[in-house]
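Report on the structure given below.
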Amino acid sequence: MEYFIKGNDIILKREDLDLRQTLDCGQAFRWEEIPSAYEQTFTGYRGKMPLTVSQDHDRIIFHDTSEDDLRDIWAGYFDLETDYSALKERFSEDEHLKRAIEFAPGIRILRQLPEETLISFIISQNNNIPRIKGIINRLCEIYGGFPEISEMGESDEDTLSPLRAGFRTKYLLDCVQKVNSGEVSTDSIYDMSLEEGSEYLKQIKGVGEKVAKCVLLFGYHKMDAYPIDVWIKRVNEQYYPHGLPGCIKGFEGAAQQYLFYYIRSNGV
DNA sequence: TTCCAGGCGTATC
DNA sequence: GATACGCATGGA
């Protein structure tokens with residue numbers, strides 16, 4: 001990976017990455033765009049690790065970050081080693097995907113922390129994105145950053161009541177209990193197939209097919225996961241009544257995210 | 001006031 | 001296995 005250092009910034013050139021499209025397309029909930037002298041600047045977290053990152057054209061600027069953290073943490077997080085150009089070329093065989101990719105060519109699938117993704121998408125069910133962000137922000141205020149599930153062992157209805165998460169609180173508590181008891185091992189899922197991982201995660205109350213697929217895609221980078229929410233359900237009905245196009249095979253999750261962002265922005 | 005939001009658990013057939 | 005319904009909360 002080529003980059004150069006200027007003061008406290010590490011700068012790299014990267015096509016196929018648009019911060020706004022990637023960080024604000026509904027896969028992550030803890031990034032906020034802030035005013036700056038750059039075209040875009042976002043501040044956010046991976047777990048408890050903060051980052052401020054900017055973009056001007058194809059220049060990505062990591063602020064106040066060490067080279068070690070860039071290589072060990074953020075390059076993976078932003079999936080910088082994956083060739084999205086090749087992926088998009090394949091996807092463009094399909095007219096609907098071609099249009100979605102032209103609309104937002106800078107979406108990438110982040111590699112988020114599995115437990116952060118699991119908690120976040122349990123909260124996401126039957127909920128809207130601004131409110132999901134609010135609940136997660138309040139969770140992070142309680143724990144001084146996004147908690148490891150092991151840190152939540154003492155939590156109960158009362159300690160989580162400030163979240164105002166509604167009926168999802170009991171699902172969070174079941175998740176905490178099962179992970180901390182070892183009944184669910186989040187590490188073991190890396191080695192599972194899509195269907196194995198999905199069935200395994202669905203042991204947790206509040207984790208159904210859709211949430212499981214989101215966790216597998218955004219937390220474990222299982223790119224063949226294709227989470228079907230209310231929006232993608234409309235996509236399938238309108239665009240793909242006879243099945244998904246063959247050109248997305250193996251990377252259904254990335255295709256899903258281009259389609260999700262497009263349809264939410266433009267309608268079916 | 002009613003409807004909806006990156007769904008899921010439960011009951012019922 | 002399919003379908004209907006309730007669910008906490010808050011914004012439109």
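Observations
- Toward the positive end of the charge dipole of chain A, with +1 on the Cβ of Lys and Arg and -1 on the Cβ of Asp and Glu, the farthest Cα among A:S265, A:F103, A:A37 is that of A:S265.
- Per-pair calculated FRET efficiency, R0 = 30 Å: A:M49 and A:I5 via Cβ, rounded to 0.05: 0.95
- Inter-centroid distance (Cα atoms) of the range A:1-42 relative to the range A:154-181, Å: 33 Å
- A Cβ-based charge dipole, computed about the Cα centre of the range A:147-260 with Lys and Arg at +1 and Asp and Glu at -1, lands at about 600 debye.
- Contact order for the range A:114-218, expressed relative to its length and based on alpha carbon pairs under 8 Å spaced 6+ residues apart, stands at 34 percent.
- A straight Cα-to-Cα reach below 17 Å connects A:K6 with the aspartates and glutamates A:D56, A:D58, A:D64, A:E67, A:D68, A:D69, residues fewer than 8 places away in its own chain not being considered.
- Distance between the pseudo-spin-label points of A:D224 and A:S150 (7 Å out from Cα toward the beta carbon): 3.2 nm.
- Applying a DSSP loop filter and a limit of 11 other Cβ atoms within 10 Å to the chymotrypsin sites (Phe, Trp or Tyr not before Pro) in the range A:147-218 leaves A:F167.
- Residue-averaged 222 nm ellipticity for chain A, from DSSP H runs of 4+ at -39500 (n - 2.57), nearest 500: -12000 deg cm²/dmol
- Listed from fewest to most Cβ neighbours within 10 Å, the set A:H57, A:H63, A:H96 follows the order A:H57, A:H63, A:H96.
- Straightening the chain between A:D158 and A:E93 buys 18.2 nm, computed as 0.36 nm per residue apart minus the Cα-Cα spacing.
- Other residues lying with their Cβ under 14 Å from the Cβ of A:Y38 contribute a combined charge of -3, Lys and Arg counting +1, Asp and Glu -1.
- In this Cβ point-charge picture (+1 for Lys and Arg, -1 for Asp and Glu), chain A has a dipole of about 900 debye about its Cα centre.
- Positive-end residue, the range A:108-198 charge dipole about Cα centroid, Cβ charges, pick of A:P147, A:I136, A:L173: A:I136
- Relative contact order of chain A: 19 percent, from C-alpha pairs under 8 Å at least 6 residues apart in sequence.
No lab work stands behind these numbers, since they all come straight from the coordinates. Keep in mind it's a predicted model, so treat the numbers as computed, not measured. Every residue, glycine among them, receives a Cβ derived from its backbone with ideal geometry; neighbour counts consider all protein chains shown.
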